[in-house]
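Here's the structure we're looking at; comments come further down.
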Amino acid sequence: ETGVTQSPTHLIKTRGQQVTLRCSSQSGHNTVSWYQQALGQGPQFIFQYYREEENGRGNFPPRFSGLQFPNYSSELNVNALELDDSALYLCASSFSGLAGGLTHVNEQFFGPGTRLTVL
Amino acid sequence: GQQVMQIPQYQHVQEGEDFTTYCNSSTTLSNIQWYKQRPGGHPVFLIQLVKSGEVKKQKRLTFQFGEAKKNSSLHITATQTTDVGTYFCAGLDSNYQLIWGAGTKLIIKP
């Protein structure tokens with residue numbers, strides 16, 4: 001096991017609703033990345049948080065937002081849910097070294113994911 | 001935008017045959033990571049390659065990073081049933097973001 005936990009494991013929502021997914025990162029890690037994985041596809045990068053600040057964002061609309069807390073745990077919030085938001089949401093924790101900027105991203109440890117179904 | 005193309009999408013092999021998956025990036029990568037995802041599971045880190053032309057081995061798995069740091073491959077010798085899953089490459093771009101390939105699914109023929 002990676003030590004990365006996510007909650008809930010499964011969630012069913014209806015279109016237009018809002019959802020919050022949670023992730024606890026591995027001890028010693030300072031970076032959390034969130035991914036959306038549709039069935040049969042590779043993970044799509046949503047955004048990354050480093051030391052409580054968003055440090056990169058993929059091609060996702062603003063209704064996808066996040067937070068990272070001082071203990072490096074994180075939340076992913078999705079507003080105005082759409083049917084296409086149905087997917088496995090993965091959180092990955094890693095340690096990033098800092099030298100004049102975010103210069104080295106190490107291996108990512110994934111949580112088990114949250115399966116979101118939007119009806 | 002930056003992309004990492006991974007081929008093939010699927011590979012069916014008899015147990016004992018070899019398996020190879022390839023990744024190509026449109027831009028130079030800082031490093032490339034490989035992950036394996038078992039059916040119903042989450043991606044698990046396998047290895048990271050950083051240097052141009054680097055080759056690393058893990059038992060029956062051989063990973064290569066191209067000289068231009070734009071392509072990479074994973075080769076599995078003599079596949080076993082435990083190798084079943086989807087193999088993803090993920091390249092670190094100039095913005096320190098991991099760009100993932102779509103994955104290659106390894107299927108062992110019965």
Discussion item. Within segment B:34-51, take every residue that is under 15 Å from A:Leu90 (Cα atoms) and touching a Leu at 6+ places or on another chain (Cβ under 7 Å) and give me the one that is farthest from the other protein chains (Cβ to nearest Cβ).
Written reply: B:Lys36
Worksheet item: From the list A:Tyr50, A:Tyr89, which one is more than 20 Å from B:Trp34 (Cα to Cα), in contact (Cβ under 8 Å) with a residue 40 or more places away in the chain and hydroxyl-bearing (Ser, Thr, Tyr)?
Response: A:Tyr50
Discussion item. I'd like the full set of residues that are within 11 Å of chain B (Cβ to nearest Cβ), over 19 Å from A:Leu67 (Cβ atoms) and in a strand (DSSP E or B), limited to segment A:13-47.
Written reply: A:Gln37, A:Gln44
Fill in: From A:Leu88, A:Leu76, residue being farther than 16 Å from B:Ala90 by Cα, in contact with a Gly (Cβ under 6 Å, 6 or more places away or on another chain) and within 13 Å of chain B (Cβ to nearest Cβ)
A:Leu88
Fill in: Members of segment B:57-97 found to be within 14 Å of chain A (Cβ to nearest Cβ) and surrounded by 15 or more Cβ atoms within 10 Å (Cβ to Cβ), listed by number
B:Phe63, B:Gly85, B:Thr86, B:Tyr87, B:Phe88, B:Cys89, B:Ala90, B:Gly91, B:Leu92, B:Asp93, B:Tyr96, B:Gln97
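Restricting attention to segment A:48-83, which residues are on the phi > 0 side of the Ramachandran plot and not in a strand (DSSP E or B)?
Residues of segment A:48-83 that are on the phi > 0 side of the Ramachandran plot, as a first pass: A:51-52, A:56, A:72, A:80.
Once the filter is applied, which keeps residues that are on the phi > 0 side of the Ramachandran plot and not in a strand (DSSP E or B), segment A:48-83 yields A:Arg51, A:Glu52, A:Tyr72, A:Ala80.
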Worksheet, complete the sentence: Within segment B:36-86, the residues that are among the hydrophobic types (A, V, I, L, M, F, W, C) and farther than 22 Å from A:Gly40 by Cα are B:Ile47, B:Leu49, B:Val50, B:Val55, B:Leu61, B:Phe63, B:Phe65, B:Ala68, B:Ala78
Item to complete: List every residue pair whose Cβ atoms lie under 8 Å apart, where the two residues are 6 or more positions apart in sequence or sit on different chains, the first residue falls within segment B:1-20 and is within 11 Å of chain A (Cβ to nearest Cβ) and surrounded by fewer than 13 Cβ atoms within 10 Å (Cβ to Cβ), and the second residue, located anywhere, is at pLDDT 95 or above and assigned to a strand (DSSP E or B).
Response: B:Gln9/B:Thr104; B:Gln9/B:Lys105; B:Tyr10/B:Thr104; B:Tyr10/B:Lys105; B:Tyr10/B:Ile107
Item to complete: Considering only residues that are more than 14 Å from chain B (Cβ to nearest Cβ) and either modelled with pLDDT under 95 or assigned to a strand (DSSP E or B) (or both), look in segment A:1-12 and name the one that is farthest from A:Asn79 (Cα to Cα).
Response: A:Ser7
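The values are calculated or read from the model by the stated rules, or taken from the named source; none is laboratory data. Note that this is a predicted model, so its numbers are computed, not measured. All Cβ positions, even for glycine, are placed from backbone atoms using ideal geometry, and neighbour counts span all protein chains on display.
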